1. Would you mind finding the one in B:Val203, B:Val256, B:Val232, B:Val272 that is in contact with a Lys or Arg (Cβ under 9 Å, 6 or more places away or on another chain) and without any contact (Cβ under 8 Å) to a residue 24 or more places away in the chain?
2. Test B:Val97 against the stated conditions and say whether it is more than 18 Å from the chain's Cα centre (by Cα), open to solvent by less than 10 Å² (accessible area, probe 1.4 Å) and within 26 Å of B:Asp233 (Cβ to Cβ).
3. Name the single residue that is modelled with the lowest pLDDT among those in the stretch A:310-340 being farther than 15 Å from B:Ala98 by Cβ and not in a helix (DSSP H, G or I).
4. Given (1) among the small types (Gly, Ala, Ser); (2) touching a Pro at 6+ places or on another chain (Cβ under 9 Å); (3) in a loop (DSSP other than H, G, I, E, B); (4) open to solvent by 10 Å² or more (accessible area, probe 1.4 Å), identify the lone condition not met by B:Gly141.
5. Which condition from (1) open to solvent by 10 Å² or more (accessible area, probe 1.4 Å); (2) more than 14 Å from every other protein chain (Cβ to nearest Cβ); (3) of a type outside the set (D, E, K, R) is the one that A:Val97 breaks?
6. Spot the failing condition for B:Gly120; the list is (1) in contact with a His (Cβ under 9 Å, 6 or more places away or on another chain); (2) within 12 Å of chain A (Cβ to nearest Cβ); (3) not in a helix (DSSP H, G or I), and only one is missed.
7. Go through the stretch A:142-232 and tell me which helices (runs of 4 or more DSSP H), entirely inside it, have 2 or more residues that are open to solvent by less than 30 Å² (accessible area, probe 1.4 Å), touching a Lys or Arg at 6+ places or on another chain (Cβ under 7 Å) and within 14 Å of another protein chain (Cβ to nearest Cβ).
8. If you go through the stretch A:321-358, how many residues are open to solvent by 60 Å² or more (accessible area, probe 1.4 Å), away from chain B (no Cβ under 14 Å) and touching a residue at least 12 places away in the same chain (Cβ under 8 Å)?
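The values are calculated or read from the model by the stated rules, or taken from the named source; none is laboratory data. Fair warning: this is a prediction, and the values are worked out from it, not measured in the lab. Quick reminder, even Gly has a Cβ in these numbers, built from the backbone with ideal geometry, and neighbours come from all protein chains shown. For accessibility, only protein heavy atoms count, side chains too; no ligands or nucleic acids. Shrake-Rupley method; radii C 1.70, N 1.55, O 1.52, S 1.80 Å.
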Amino acid sequence: MSVKTLLPSATPVRFLAEDGSRVELHEGYAEPAEDRLKAAYRLMVLGRRFDVQATALTKQGRLAVYPSSAGQEACQVAAALTLQDDDWLFPTYRDSVALIARGLKPGEVLTLLRGDAHCGYNPAETRVAPQCTPLATQTLHAAGLAHAMQRKGEDAVALALIGDGATSEGDFHEALNFAAVFKAPAVFFVQNNRYAISVPFEKQSAAEALAYKGVGYGMRAEQVDGNDAVAVLAVLDDAVRHAREGRGPVLVEAHTYRIDAHTNADDATRYREAEEVAKWREADPLRRLETYLKDRNALSEPEIELCHAEAEEFAQTVRDTLNAEPELDPMSLFDHVYAEPTRQLEAQRAALEAELEV
Amino acid sequence: MTTTMAQALNAALRDALKDDDRVLVFGEDVGALGGVFRVTDGITADFGENRCFDTPLAESGIVGFAVGMAMGGFRPVVEMQFDAFAYPAFEQITSHVAKLRNRTRGALSLPMVIRIPYAGGIGGVEHHCDSSEAYYTHTPGLRVVTPGTAQDAYDLLRDAIESPDPVVFLEPKARYWSGEEVTFTRTGPAMDKAVVRRHGKDVTLIAYGPMVATALETAEAAKDEGWDVEVVDLRSLSPFDDETVTASVRRTGRAVVVHEAAGFGGYGAEVVARVTEQCFHQLHAPVLRVTGLDIPYPAPKLERHTLPDVDRILDTIARLQWHDTPVVAGA
């Protein structure tokens, strides 16, 4: 493929201006159907409420840590809505809202961050890989799994979520290269939220846009306004279709912003100005979509209220789930280290059992 | 007919590919070239590019891609070409290969084999001769094996490919070209089990991989000194076969552990600790080690000074003070 066909748009693809009005369409992208936009809106309201609730639960000691994705709801929800049931999602620790949008239960999603187990759901059944805490390592798994599905004749796609910081890791580059060489049906979705913990994008990469990195691997790439849910859905739909049709992997960069700190444990005032955060609050993806849908008469006040009521109810479920502390079995420590347990571990199991009986 | 270890490994790969469609062989240079040590010689030609194929040159990429393929139901056997070249893949191996079953509470498993030609003695320049076993054996969730003979190379690799757990398969490069009679029907389960290579009553030499042959040579030489040496070949470094090792040491009452890797913080320290804990009352002397020096692997013209050899092992056996007199360790 020629460089020209691989190059992303000169500016991020955008359907909605910050005030929610419709802007000129970028070429080649169809606006998603209204019912999908409404579904996205509903999940974004739910996702924001979930995020606020989870952050509150860290203060009550119910969660060990929570990395907020407030402000990134358009990306989170679009990543889930773009995929079919058979597709695989490879999320990071910051992508809990994407998992909620994919239909996982709050107890399953928050198991990792609560500290009960490394993964609270069954990846083989849900087709959601464990939330990855090392950076970019899962992009290679997505490339490999996409290739595996392709070999087996499955019509499925693997979508890997990462942040801007992860694009500096070697595995990100190896994953793009492998996926492109093998023409794997994978989509690499970078949520460039401008900060890797405290390090600003300018210190992370000298590239004008991370999407440009795709071209060097012979991979189609696109950049999109990450706070424009209509645009993110349109671009991801297109990327997933491209991959599913066997035309190779796609790199998508969403320009967005992390409104809160890296996690509840971090002080964002040390590394960024309040004015900057205020500016990005004006670019709120939720308000933007709401205005657009209201202006089109696609969303009524009662419908909005219903979404918020549902979100409140959901928050109650989150609280109830997290307040009920499940009992953890210490013997389970030995259960899944090996498929065929070793004698050394059997001996340690017996020793711990004896210790617990005293 | 004599078969070399490299040929035995090649036969094991072929038989595994024949027996199970899910088995795939990939890595750098494994295709047309047949691997830099020719372990995958002719496999692409015979099985097709779909089963044995070259990848981009990126070790983390090879292992991480294999993780995804194993998640998707395949059984990858990947090659790392040289020991020290595997280090970029270390994060994938320790953070993901070793842990995915545990992280997903058994929902996903990674039956895959990472083949790493390791250790020295071939005159290789730097970064081509590391003994990296301690890094992998220190990682729960991995099985780590290394053959000392061509027959074991065949048996162990077949077992490793069939194992439901991920296996780091360390191939002693210096022994690739040593030959023996090999039976290509498996001689029994080799994984997880040490084996007594030579029976003796005075001292147990515990060795693995490239040092098995050296230990056997030492045992022959020791006859002239009047010592009857037993040689245990560990084969499986993790898990460790306490049963075979301790039974031997309890019989002989003396033990020496031999390996090429640097001694400090090395695998031999684990063996000494286990043997001492379990055989304390049967021991007539401290368990000693003969290891490589605590230096980065040296330039090829100097490597003979770090590699344990027959003389150094005999000297160490002598330090076990044959007549039950007190021993000063670490002299």
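1. Unique residue meeting the criteria: B:Val272.
2. yes
3. Among residues in the stretch A:310-340 that are farther than 15 Å from B:Ala98 by Cβ and not in a helix (DSSP H, G or I), the one modelled with the lowest pLDDT is A:Glu325.
4. (4)
5. Of everything listed in (1) open to solvent by 10 Å² or more (accessible area, probe 1.4 Å); (2) more than 14 Å from every other protein chain (Cβ to nearest Cβ); (3) of a type outside the set (D, E, K, R), A:Val97 misses just condition (1).
6. Against the list (1) in contact with a His (Cβ under 9 Å, 6 or more places away or on another chain); (2) within 12 Å of chain A (Cβ to nearest Cβ); (3) not in a helix (DSSP H, G or I), B:Gly120 comes up short only on (2).
7. Values: elements: A:170-181, A:201-204, A:213-216.
In the stretch A:142-232, there are no helices (runs of 4 or more DSSP H) which contain 2 or more residues that are open to solvent by less than 30 Å² (accessible area, probe 1.4 Å), touching a Lys or Arg at 6+ places or on another chain (Cβ under 7 Å) and within 14 Å of another protein chain (Cβ to nearest Cβ).
8. Within the stretch A:321-358, residues that are open to solvent by 60 Å² or more (accessible area, probe 1.4 Å), away from chain B (no Cβ under 14 Å) and touching a residue at least 12 places away in the same chain (Cβ under 8 Å) number 3.
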